[in-house]
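The values are calculated or read from the model by the stated rules, or taken from the named source; none is laboratory data. Remember, it's a predicted structure, so these values are computed and weren't measured experimentally. Reconstructed Cβ throughout: ideal geometry from the backbone, glycine too, with neighbour counts over all protein chains shown. The area values use the complete protein model at the heavy-atom level, side chains included, leaving out ligands, DNA and RNA. Shrake-Rupley method; radii C 1.70, N 1.55, O 1.52, S 1.80 Å.
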Amino acid sequence: MAYVATRGGERAIEQSERLYRAQMGRINVARVAEIEAALPALVDRVMGEASLYAPDLAALALAQSGGDLYEALLLLRAWRTTQPRLQIAEVVAPDAGFTHRRISAAFKDIPGGQILGPTLDYAHRLLATEVLEDQPYQPAEVEPSAKPAPATHPSLAEWQRAQGLVTAPEAAPVPRDEIPDLTREPLLFPAKRAHTLQSLARADTGGTLALGYSAMRGYGNSHPTVNELRLSEVEVMVAHPDGRRFSAGRVKTSQAEVVTTKGKGELRLGFTATLGWNEVKCISAATLDLNAPGAEKNSPVEEEFFLYHTEPVESSGFCIHFKLPHYVTFQSSLDNLRAAKSAKAEQAQPTDKEEETA
């Protein structure tokens, strides 16, 4: 949509875009590679919310948008729609990935053990200001363990199910061709379970955090405990036309499972998984999933509410569309306001009969 009333017309619009590009400077493959290497958490967030695992393209979108996350998401999602779908990967079991980090706040000892992995949870938050004085920050080398951790770890929920602590039924297998796809069909309510998980997987991190926090602070019907948090790399297994199975590569994934007591000897589970490593998004989104079934109507944690309002491209697009011309509707509102003020002023003026009496 062009700003037709903007002085200068299309040329002004073109020059404004050139000015924006000029402020960012030249973009080349080295700059994209530097962003990908230096900002892995940001790249992971963009990939997850764009539903496209492509670190180089996510870094390019960040470079091209000047770091505007919502613009980068729009770029990446738009590019995604132009690509053909060649295959549907096989289902990935939660415990099948190469585990980098796996912790539980519910139990001290869990099958397979707790793996801290890469984290800043226990670090001092000190800004390395010496870098600005041309003193490079060099982290200490990691000391390898005498005994390496296992590559894979069992599912904690399956262990709980075997003990009778979790009574959730096993998920029924769905044929690959019948798996619903939120990117190709609308979100309707009551939402399918697959649509709920897909929406949370690509939901806005800040939005899920805000609403998840509201659930933790009192709008939900329970306080969550992290049953299991896992960062891993999983093999993307696909079938060759000749029938052979092969790995198309590895992708980083995050998954979080939170629990709360539901009744006598029973736990209720909330779950979220996404592309890339994004712990805060998975924990807050799993909290929304946990609380949604018992949420009151119009509650921030009601499923319809949070699935609609954590969609990053649609919500940001609706917000920034107010920058576009609204001259006609606004002038109409002003006309109504002027007419109301005029009518009120006329009612306040004394009539001829009132003047004679005075």
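Tally the DSSP beta bridges in the chain and give the antiparallel ones as a percent, rounded to 5. Antiparallel: roughly 95 percent of the beta bridges in the chain. Sites listed here are chymotrypsin sites (Phe, Trp or Tyr not before Pro) in the range 72-119 whose DSSP assignment is loop and whose Cβ has at most 15 other Cβ atoms within 10 Å: F107. Compare T272, T183, T310 in a GNM of the chain, Cα atoms joined below 10 Å, and give the one with the largest fluctuation. Most flexible of the set in this elastic network: T183.
In the chain, Cα pairs under 8 Å separated by at least six residues give a relative contact order of 17 percent. For the chain, the longest principal axis of the alpha carbon atoms and the long axis of helix 279-291 meet at an angle near 80°. Sort the range 10-80 into rounded, prolate or oblate with this rule: let a ≥ b ≥ c be the square roots of the eigenvalues of the Cα gyration tensor; rounded if a/c is under 1.5, and if a/c is not under 1.5, prolate when a/b is larger than b/c, oblate otherwise. Oblate is the answer for the range 10-80, as a/c is 1.5 or above yet b/c matches or exceeds a/b. Per residue, the solvent-accessible area of the chain (1.4 Å probe, heavy atoms of protein chains only, all protein chains present) comes to 65 Å². Charged side chains reduced to their Cβ positions (Lys and Arg at +1, Asp and Glu at -1) give the chain a dipole of some 480 debye around its Cα centre. So how tilted is helix 40-50 from the main axis of the chain? Cα-based, degrees 0 to 90, rounded to 10. Relative to the chain, helix 40-50 is tipped by roughly 70 degrees.
On the chain, 58 percent of the accessible area sits on carbon and sulfur atoms, based on a 1.4 Å probe. Rounded to the nearest 20 debye, the dipole magnitude of the range 10-80 is 140 debye, with +1 charges on Lys and Arg beta carbons, -1 on Asp and Glu beta carbons, and the Cα centre as origin. For the chain, the longest principal axis of the Cα atoms and the long axis of helix 55-65 meet at an angle of about 20 degrees.
Counting only protein chain heavy atoms and rolling a 1.4 Å probe, the accessible areas of D134, D242, D44 rank, largest first, as D134, D242, D44.
Which FRET efficiency value, to the nearest 0.05, do you get for A96 and E185 by plugging their Cβ-Cβ distance into 1/(1 + (r/R0)^6) with R0 = 25 Å?
0.35
Between V251 and V234, V236, the built amide H atoms are under 5 Å apart, and every one of these is 5 or more places off in sequence or on another chain. Of the GluC sites (Glu not before Pro) in the range 104-141, the ones in a loop by DSSP (not H, G, I, E or B) with at most 15 other beta carbons within 10 Å are E141.
Here the Karplus relation 6.51 cos²θ - 1.76 cosθ + 1.60, evaluated at θ = phi - 60°, turns the backbone of the range 155-160 into coupling constants of 6, 5, 5, 5, 5, 5 Hz, with x for every Gly and Pro.
Each residue of the range 115-126 was assigned a 3J(HN,Hα) from its phi angle through the Karplus curve 6.51 cos²θ - 1.76 cosθ + 1.60 (θ = phi - 60°); the sequence is 10, 5, x, x, 7, 10, 4, 10, 8, 6, 7, 10 Hz, with glycine and proline shown as x.
As a test of the formula, what do you get for the chain when each DSSP H run with n ≥ 4 contributes -39,500 (n - 2.57) and the sum is divided by the residue count, at 222 nm and rounded to the nearest 500 deg cm²/dmol? If you can, show how the numbers build up before the last one.
Details: 13 runs with 143 residues, N = 358.
The helix-only estimate for the chain comes to -12000 deg cm²/dmol at 222 nm.
Annotation: amide H-H contacts under 5 Å for H100 (H modelled 1.01 Å from N, sequence separation of 5 or more, or interchain): L231, S232, E233. Note that the range 9-24 has calculated 3J(HN,Hα) couplings of x, 4, 5, 5, 5, 4, 5, 5, 5, 4, 5, 4, 5, 5, 5, 7 Hz, one per residue in order, obtained from phi through the Karplus relation 6.51 cos²θ - 1.76 cosθ + 1.60 (θ = phi - 60°); glycine and proline are x. Short-range pairs are left out: with C-alpha atoms under 8 Å and at least six residues apart, the relative contact order of the range 10-80 is 28 percent. The GNM of the chain, with springs linking C-alpha atoms under 10 angstrom apart, assigns the highest mean-square fluctuation among V92, V313, V43 to V92.
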